[in-house]
Amino acid sequence: MAEKFQVVVIGGGPGGYVCAIRLAQLGLKTACIESRGSLGGTCLNVGCIPSKSLLNLSEEFHKVKNLSNKGIEVGEVKLNLSKMMRSKDKAVTVLTKGVEFLLKKNRVTYFKGHGSFKSKNEIVIKDIDNKETTIIADKVVIATGSVPISLPGINFDEKIILSSTGALKIENVPKKMIVVGGGYIGLEMGSVWSRLGTEVHVVEFLDHITPGMDKEISLEFMKVLKKQGIKFHMQHKVEKIEKINNGARVFTLDKDGSNKNFDCDIVLISVGRKPNTQGLNIKAAEIELDEKQRIKTDKNFRTNQNNIYAIGDVISGPMLAHKAEDEGIAAAENIAGQSGHVNYDTIPGVVYTAPEVACIGKTEEQLKEKNIDYKIGKFSFMANSRAKAIDDTEGFVKILADAKTDKVLGAHLIGPHAGELIAEIGIAMEFGASAEDIARTCHAHPTFSEAVKEAALSVDKRAIHS
């Protein structure tokens, strides 16, 4: 007899394992299936965590190399790339093992193998030895995440032509790298290798980087990255990529229709991701997909099949680990008869470069498009005491508030610890706070967070330090 569960979660990434733990907390007999061999999904294994490890380590390397400018002599600074990679791998191992412990602690049954539908209530699990096990589920949550996409006719080999996964495993510092795509992932990985000594060129089809971000922040961000040595080629369309003499040649057309080719050691293609629904045998469960091959769901994350739910990168919305986590908890609570909900207006986005970039809520462009009257409050880190004290003054905080009610509609930051500072704005927006509410809240001195307070004061044109 096949083992039966009240809920089976297919996928052990941030959305899946969090959903499984919450289901178990709510008293439901739960199983979680993961094909990778280790839990945590793309985020922990080949995404958020290893990339942030390399971003931190490469930034430390860059800082130490330049300490003499601040009166600290350390002698010759050398890079040991293999040791740096081992440090990154250690962080991944510790965290993935930690997730496995959490499943065990919460009595979630963990299956290592590839899960696919036999019917809407039957899941077949094929392990590493191709042994098949069938389990039965009253309800199923699909949380299989996403995979990198390439350009038409160009395949990843993860040696010369890389996805974000390959960019985390480069064995030697390349002399020259072309990054195709000016989004979050490409700029983060480009920053890592630029700091380690690679000449980095970003080729972008649009006229600005970080599509969808507030334009003022995007322009400032590109200006800062240029100062750091990264070169940008905007409005260039990649026609093809050919391998040549242990490297590659990237063929592009610029905005005037002229050919421009780039020779390099490696190419990182970072043009987005697609839902990972291949191999699920979706047809057996008769689950409907949209035009982008995402799983269609209602506001409760239920598919067209009443017992099957989907969360994270396989459904619509931003492909972010924290969005998947929130959806996992909400879906679990809905399955248990509670009222799970996700507020998509308060999901932050962060680029973990140096300086960091963070955003939440509406951009100026979106407010203009919707004809919403708004006020702007801005404050530069150049005038922030803490930033001045440690010589980390690039960037600013920008708060957008409703012109009549003063309700915070969005915030956009570039500067030190922007990814942490955005949480304050998130809480304010979640509770419908005004810019005045932030401005009236006492912030410790000297801290970077004072820049948020001053930007809130600036909404009413009463910033103190600018």
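So the values come out like this:
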{"quantity": "Of all DSSP beta bridges in the chain, antiparallel share, percent nearest 5", "calculated": "60"}
{"quantity": "Per-residue [θ]222 nm for the chain (sum of -39500 (n - 2.57) over DSSP H runs n ≥ 4, rounded to 500)", "calculated": "-9500 deg cm²/dmol"}
{"quantity": "Cross-link reach list, aspartates and glutamates versus Lys118, counting only Cα pairs under 13 Å and skipping chain neighbours closer than eight places", "calculated": "Glu132, Glu286"}
{"quantity": "Distance between modelled label sites at Glu158 and Met382, nm, 7 Å Cα→Cβ extension", "calculated": "4.6"}
{"quantity": "Low-density loop cleavage sites - GluC sites (Glu not before Pro) in the range 268-336, where at most 10 other Cβ are within 10 Å (DSSP)", "calculated": "Glu291"}
{"quantity": "Euclidean distance between Cα centres, the range 94-108 to the range 70-92, Å", "calculated": "30"}
{"quantity": "Nonlocal amide H pairs with Val202, under 5 Å, H built at 1.01 Å", "calculated": "Val179, Lys231, Phe232, His233"}
{"quantity": "Subset of Lys29/Lys139; Lys227/Lys255; Lys378/Lys461; Lys120/Lys283 violating a 19 Å alpha-carbon distance limit", "calculated": "Lys227/Lys255"}
{"quantity": "Ranked by how many other beta carbons lie within 10 Å on average, peptides 164-177, 85-98 from highest", "calculated": "164-177, 85-98"}
{"quantity": "Identified option (computed mean projected area of the Cα convex hull in nm²; candidates (1) 35.3; (2) 25.2; (3) 20.4)", "calculated": "(2)"}
{"quantity": "Solvent-accessible surface ranking, highest first, for Met319, Met429 at 1.4 angstrom", "calculated": "Met319, Met429"}
{"quantity": "Loop sites in the range 225-286: chymotrypsin sites (Phe, Trp or Tyr not before Pro), DSSP, at most 15 other Cβ within 10 Å", "calculated": "none"}
{"quantity": "Test item: Cα-centred dipole of the chain, Lys/Arg +1 and Asp/Glu -1 on Cβ, debye", "calculated": "760"}
{"quantity": "Pairs from Lys323/Lys368; Lys176/Lys260; Lys215/Lys299; Lys126/Lys292; Lys226/Lys375; Lys274/Lys323 whose Cα-Cα separation, in the structure shown, is over 20 Å", "calculated": "Lys323/Lys368; Lys215/Lys299; Lys126/Lys292; Lys226/Lys375"}
{"quantity": "Chymotrypsin sites (Phe, Trp or Tyr not before Pro) within the range 387-458, DSSP loop, no more than 13 other Cβ atoms inside 10 Å", "calculated": "Phe431"}
{"quantity": "Contact order relative to length of the range 256-347, as percent, for alpha carbon pairs under 8 angstrom and 6 or more apart", "calculated": "18"}
{"quantity": "Using θ = phi - 60° and Karplus 6.51 cos²θ - 1.76 cosθ + 1.60, couplings along the range 89-101 (whole Hz; Gly, Pro as x)", "calculated": "5, 5, 4, 5, 4, 4, 6, 5, 5, x, 5, 4, 4"}
{"quantity": "Heavy-atom accessible area ranking, 1.4 Å probe, most first, across Ile149, Ile125", "calculated": "Ile149, Ile125"}
{"quantity": "The chain - Cys residues lacking any other Cys C-beta under 4.7 Å", "calculated": "Cys19, Cys32, Cys264, Cys359, Cys442"}
{"quantity": "Which listed pairs, of Lys362/Lys404; Lys398/Lys453; Lys97/Lys169, have C-alpha distances above 18 Å, in listed order", "calculated": "Lys97/Lys169"}
{"quantity": "Charge dipole of the range 233-335 about the Cα centre (unit charges at C-beta), most positive-ward option of Ser258, Met319, Ile282", "calculated": "Ser258"}
{"quantity": "Å² of accessible area per residue within the chain, as computed with a 1.4 Å probe and no ligands counted", "calculated": "48"}
{"quantity": "FRET efficiency for Lys83 and Leu206, using Cβ-Cβ distance with R0 set to 30 Å, rounded to 0.05", "calculated": "0.20"}
{"quantity": "Solvent-accessible area of His201 with every protein chain in place, 1.4 Å probe, in Å² to the nearest 10", "calculated": "10"}
{"quantity": "Mean-position separation - Cα centroids, the range 2-35 and the range 371-440, in angstrom", "calculated": "38"}
{"quantity": "Cα centre as origin, Lys/Arg/Asp/Glu Cβ charges: the range 117-240 dipole, Debye", "calculated": "300"}
{"quantity": "Charge sum, other residues only, whose C-beta stays under 12 Å from Asn106's C-beta, Lys/Arg counted +1 and Asp/Glu -1", "calculated": "+4"}
{"quantity": "Farthest toward positive dipole pole in the chain [+1 Lys/Arg, -1 Asp/Glu at C-beta], among Gly432, Val238, Leu219", "calculated": "Val238"}
{"quantity": "Phi to ³J(HN,Hα) by Karplus 6.51 cos²θ - 1.76 cosθ + 1.60 over the range 307-315, Hz, x for Gly, Pro", "calculated": "9, 10, 10, 8, 9, x, 5, 7, 10"}
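The values are calculated or read from the model by the stated rules, or taken from the named source; none is laboratory data. Since the model is a prediction, treat every value here as computed from it, not as a measurement. Counting neighbours? That spans all protein chains shown, and the Cβs are built from the backbone with ideal geometry, glycine included. Accessible surface is based on the protein model in full, side chains and every heavy atom, while ligands, DNA and RNA are left aside. Shrake-Rupley method; radii C 1.70, N 1.55, O 1.52, S 1.80 Å.
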